[in-house]
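Read through the structure below, which is laid out as structure tokens, and then see the notes.
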Amino acid sequence: MNTLRIESTEISPKIVYDANKYHFEIIGESRPENVREFYDPVIEWMDNFINEINIEKELNFDFKLEYFNSSSAKYILDILYKLTEYNAKGLIITINWYYEDGDDDMLEAGQEMSRMVSFKFNYVIILD
């Protein structure tokens, strides 16, 4: 399985899915003009990944978002729902939600998404 790498822009996040290390990251701001066009290939890659992997390994997923708009939130939730599906199939998943010290909005967004998908996140403070 190939690694998926999408470089960030001013309006879209960097996405790195390292299939060999079972480590995924979404980093930066997410407010692309066409959210579906941006995220659909990411979700498709995830579906292909789950069909080809060793289910006995642990997958680490880091969300290091500085900002995301409401359209992006829907796709972030789609990704989270996919992760919970994979977990139900036996894949051990750790979700780390990073937020800047003092950014209560981003912390609360992570907490709300965690509740919505019924999956426990680790919350990691980024200190200045």
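The values are calculated or read from the model by the stated rules, or taken from the named source; none is laboratory data. Quantities reported herein were computed from a predicted structural model and do not represent experimental measurements. Virtual Cβ from ideal backbone geometry, glycine too; neighbours counted across all protein chains shown.
Residue selection: residue 33 satisfies the criterion of being of a type outside the set (Gly, Ala, Ser), assigned to a loop (DSSP other than H, G, I, E, B) and surrounded by fewer than 19 Cβ atoms within 10 Å (Cβ to Cβ).
Given the condition over 19 Å from residue 5 (Cβ atoms), touching an Asp or Glu at 6+ places or on another chain (Cβ under 7 Å) and either among the small types (Gly, Ala, Ser) or exposed (fewer than 13 other Cβ atoms within 10 Å of the Cβ) (or both), answer yes or no: does some residue in segment 101-121 qualify? Yes.
Quick check on segment 102-116. Is at least one of its residues modelled with pLDDT under 95 and among the hydrophobic types (A, V, I, L, M, F, W, C)? No, segment 102-116 contains no residue that is modelled with pLDDT under 95 and among the hydrophobic types (A, V, I, L, M, F, W, C). Within segment 87-108, the only residue that satisfies the criterion of being part of a helix (DSSP H, G or I) and in contact (Cβ under 8 Å) with a residue 40 or more places away in the chain is 106.
This table checks each residue for (1) surrounded by 12 or more Cβ atoms within 10 Å (Cβ to Cβ); (2) in contact with a Gly (Cβ under 6 Å, 6 or more places away or on another chain); (3) in a strand (DSSP E or B).
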site	(1), (2), (3)
2	no, no, no
11	yes, no, no
24	yes, no, yes
56	no, no, no
59	yes, no, yes
64	yes, no, yes
75	yes, no, no
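If you go through segment 49-83 and keep only what is of a type in the set (S, T, N, Q) and in contact with a strand residue (DSSP E or B) (Cβ under 8 Å, 6 or more places away or on another chain), you end up with 60, 69, 72. Within segment 1-59, which residues are under 22 Å from residue 99 (Cβ atoms) and charged (D, E, K, R)? Correct list: 10, 14, 25, 29, 31. So which residues in segment 6-37 are among the hydrophobic types (A, V, I, L, M, F, W, C), over 11 Å from the mean Cα position of the chain (by Cα) and over 13 Å from residue 68 (Cα atoms), if there are any at all? Those that are among the hydrophobic types (A, V, I, L, M, F, W, C), over 11 Å from the mean Cα position of the chain (by Cα) and over 13 Å from residue 68 (Cα atoms): 6, 19. Residue 119 meets all of the listed conditions (1) over 24 Å from residue 9 (Cα atoms); (2) aromatic (Phe, Trp, Tyr); (3) in a strand (DSSP E or B) but one, namely (3).
The rows are residues; the columns are (1) surrounded by fewer than 17 Cβ atoms within 10 Å (Cβ to Cβ); (2) over 17 Å from residue 113 (Cβ atoms); (3) of a type in the set (Phe, Trp, Tyr); (4) modelled with pLDDT under 95.
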residue: 37; (1), (2), (3), (4): yes, yes, no, no
residue: 49; (1), (2), (3), (4): no, yes, yes, yes
residue: 79; (1), (2), (3), (4): no, no, no, no
residue: 82; (1), (2), (3), (4): no, no, no, yes
residue: 92; (1), (2), (3), (4): yes, yes, no, yes
